[in-house]
2 protein chains.
Amino acid sequence: MNKTPRFLVVGAGAIGSFYGAILKRAGCQVSVVLRSDYDAVKADGFRFTSPLGDLSWMPDHVYQPGDTPDVFPDYVLLCVKVLPGVDRAALVRPWMGEHTGLVLIQNGLDIERELAEAFPAHPLVSCLAFIAVSRVAPGEVKHQAYGQLVMGNFPKGFDDHCQQLSALFRDGGIDISESEAVVGERWRKCVWNTPFNPLSVLANGADTLSILDAPGGEDLIRTMMEEVMAVAEADGYPLPADLVEKNLAGTRKMGAYKNSMALDYLNGRPIELDAILGNVVAIADTLKVPVPHLRTVLTALRIRNS
Amino acid sequence: MNKTPRFLVVGAGAIGSFYGAILKRAGCQVSVVLRSDYDAVKADGFRFTSPLGDLSWMPDHVYQPGDTPDVFPDYVLLCVKVLPGVDRAALVRPWMGEHTGLVLIQNGLDIERELAEAFPAHPLVSCLAFIAVSRVAPGEVKHQAYGQLVMGNFPKGFDDHCQQLSALFRDGGIDISESEAVVGERWRKCVWNTPFNPLSVLANGADTLSILDAPGGEDLIRTMMEEVMAVAEADGYPLPADLVEKNLAGTRKMGAYKNSMALDYLNGRPIELDAILGNVVAIADTLKVPVPHLRTVLTALRIRNS
């Protein structure tokens, strides 16, 4: 791998175009597949505002779905939201050469399995993004803060592909947290996201402090966090006992905050309900862990969306 | 009590003006206390459309809050919604003579206690209305269907006042279901209302079949009904074991239906959350009955309203 690494970003929205920019800064070739923003990006590339400096960049190739790649990439970066009806394996299949690795930068739990099953012979790297970034217009992205990736192979380990990717992202200017057990890191993030995100949507976009300060709100969040911890432990990923109280204290310290799912809801965009909550309840059912509070929130949102 | 019985309706909205009309048809004197619709009703009385015929009527007196009664009534009919911040005892106190009885026509559970404590020496009759009626404009009411009252003394029994009231309402043309244990009847109604009403609000006004047909919806309703049954039993009001399945079958048979709390929510009116759900959870906590699904729905709505 001494040649310039080639990346293809599938789903180059805010997240995808940000990490594409980072890889471009690291000297990689980076192309993108775009649907709605194709014309804008083909003409002018991605324009960024970011505390990291000028991240604006022009992809090496701008593809549309249905195009044929000029050369298969070394890595496909899959950054679409995880939504029912979005067949992620079908989205990436045309771009996967024999040796192409698949890198997921996506939120949620148990979101790797369908891709691991679809591409069993390919390297699969799973990343969690800790970032505040949003697309403000076609090709225009506002990076507000952060950018760290937690990275590891699915379901576990940290192979040479991870090593290479980690080095490239670091060259591009962001922190990488290397993990031999990335699924455990997904569980850890779910302890916060799984209660707060869907509950904020159910409360029509409430911020974190509105949730904690409502009568019974902090108790409900705590109980939901404990349910997530119990499922994680049954799934083989025990988490530190003090994580719930640390999460609560950290949330209060951060001040009122609308999470990304609340913002998706308030802006009329689909929410990643299964990735963040539905999959947790499904695993709980398989492992026979009672999750009445999580299930009630999930079902109420499914009723609303049905 | 051979003289013409005198009634005063406090909160003469749709419900209050309907039962006022029935008592008027039975030959009673019926006056009202009104706030926002005072001018309209003072000028033209109540105008009705109803399958029972022409129920339009002119009250004997139309009062405003702050007025002094000409004569204390035999009965005050209290028909306001049960909402936090509405001091029902203060609303009726100016109109309660030494011998005035208090008749509640209100939804929910444990809604009598604060009035029983405020007026311990007065007869207290508790009624549940099974009716579809709505106020369409000041003084204009549309009665769509039904009208039956379940009636009894609070907390139990069926005294001479109940006998007299029951006879008058029947004279006026509606059915009365006499109950020696009206609190048990409130629990029975809660088995349906406590799950369906708040859940429909949480789902932004979903109808009954949307709730039952969503993934996990029927299971959630069933579980919430079972939680209500368990609290009722612990409170001393065991209900028939087949009530849950009968309720579910009856709901499906009725077809898609938006309950009154869903309509209140969709029309921007306050909802009787405590009367229908909060009081059930409070009793459950006192009696140490676990109600995780009811509590999650309650807390989510409290977060939304906070």
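The values are calculated or read from the model by the stated rules, or taken from the named source; none is laboratory data. Please read these numbers as outputs of a predicted model, since none were measured by experiment. Counting neighbours? That spans all protein chains shown, and the Cβs are built from the backbone with ideal geometry, glycine included. For the accessible areas, the whole protein counts, side chains as well, though only heavy atoms, and no ligand, DNA or RNA atoms are used. Shrake-Rupley method; radii C 1.70, N 1.55, O 1.52, S 1.80 Å.
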Check: Which FRET efficiency value, to the nearest 0.05, do you get for A:D242 and B:T4 by plugging their Cβ-Cβ distance into 1/(1 + (r/R0)^6) with R0 = 60 Å?
Finding: 0.25
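In segment A:254-300, which trypsin sites (Lys or Arg not before Pro) are in a loop and have at most 11 other Cβ atoms within 10 Å, using DSSP for the loop call? Before the final figure, lay out the partial values.
Details: sites: A:K258, A:K288, A:R295; in loops: A:K258, A:K288.
Those satisfying the criteria are A:K288.
Tell me the GluC sites (Glu not before Pro) within segment B:140-186 that lie in a loop according to DSSP and have at most 15 other beta-carbon atoms within 10 Å.
Numbers: sites: B:E140, B:E178, B:E180, B:E185; in loops: B:E180.
Filter output for segment B:140-186: B:E180.
For A:L298, what is the net charge nearby, where nearby means another residue's Cβ is under 12 Å from its Cβ and Lys, Arg count +1, Asp, Glu -1? Working shown, then result.
Details: positive: A:R295, A:R302, A:R304; negative: A:E227, A:D274, A:D285, B:D219.
It works out to a net charge of -1.
For segment A:167-306, how big is Rg over Rh, using alpha carbon atoms and the Kirkwood form of Rh? Working shown, then result.
Values: Rg = 15.5 Å, Rh = 15.8 Å.
Dividing the radius of gyration by the Kirkwood radius yields 0.98.
Per residue Cα convex hull volume for the protein assembly as shown, in cubic angstrom?
Details: hull volume 109.7 nm³, N = 612.
So the per-residue hull volume is 179 Å³.
In the neighborhood of A:D37, defined by Cβ-to-Cβ distances under 13 Å, what is the net charge if each Lys or Arg adds +1 and each Asp or Glu adds -1?
Values: positive: A:R35, A:K42, A:R47, A:R135; negative: A:D39, A:D44, A:E140.
Computed value for this residue: +1.
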Next item on the list: Would you mind listing how long chain B runs along its three principal axes, going by Cα atoms, in whole Å with the largest first?
Entry: 56, 37, 36
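Kirkwood Rh over alpha-carbon pairs of segment A:6-180, then Stokes-Einstein at 25 °C and 0.890 mPa s: what D in µm² s⁻¹, rounded to an integer? Don't skip to the end; give the middle numbers.
Numbers: Rh = 15.9 Å.
Estimated via Stokes-Einstein, D reaches 154 µm²/s.
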Check: For helix B:160-172, what angle does its Cα long axis make with the longest principal axis of chain B, in degrees from 0 to 90 and rounded to 10?
Finding: 80
Notebook entry, point to check: How much of the accessible area of segment A:184-305, probe 1.4 Å, is carbon plus sulfur, in whole percent?
Noted result: 53
Check: How many angstrom lie between the C-alpha centres of segment B:1-55 and segment B:205-234?
Finding: 36
Item checked: Kirkwood Rh (inverse of mean 1/r, distinct Cα pairs), segment A:214-268, angstrom -> 12.9
Check: Does anyone have the angle between helix A:292-305 and the longest principal axis of chain A? Alpha-carbon axes, 0 to 90°, nearest 10?
Finding: 60
Next item on the list: Set Lys and Arg Cβ to +1 and Asp and Glu Cβ to -1, take the dipole of segment B:184-305 about its Cα centre, and tell me which of B:L263, B:L248, B:L287 lies farthest positive.
Entry: B:L263
Notebook entry, point to check: Summing -39500 (n - 2.57) over the DSSP H runs of n ≥ 4 in chain A and dividing by its residue number, what mean residue ellipticity at 222 nm do you reach, to the nearest 500 deg cm²/dmol?
Noted result: -12500 deg cm²/dmol
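Quick check: net charge around A:M58, other residues with Cβ under 12 Å of its Cβ, Lys/Arg +1 and Asp/Glu -1? Present the calculation step by step, with values, prior to reporting the outcome.
On the way: positive: A:K24, A:K42, A:R47; negative: A:D44, A:D60.
After counting each charged neighbour, the total is +1.
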Notebook entry, point to check: On a 0 to 90 degree scale, rounded to 10, what angle separates helix B:243-254 from the longest Cα axis of chain B?
Noted result: 70
Margin query: Need the C-alpha centroid separation for segment A:155-195 versus segment B:93-171, integer Å.
Written below: 64
Checklist line | Label spacing, shortest first and in nm, from A:E114 to its equivalents in the remaining copies (7 angstrom along Cα→Cβ) | finding: 5.0
Next item on the list: Measure out, as a whole number of angstrom, how far apart the alpha-carbon centroids of segment B:254-306 and segment A:263-295 sit.
Entry: 22
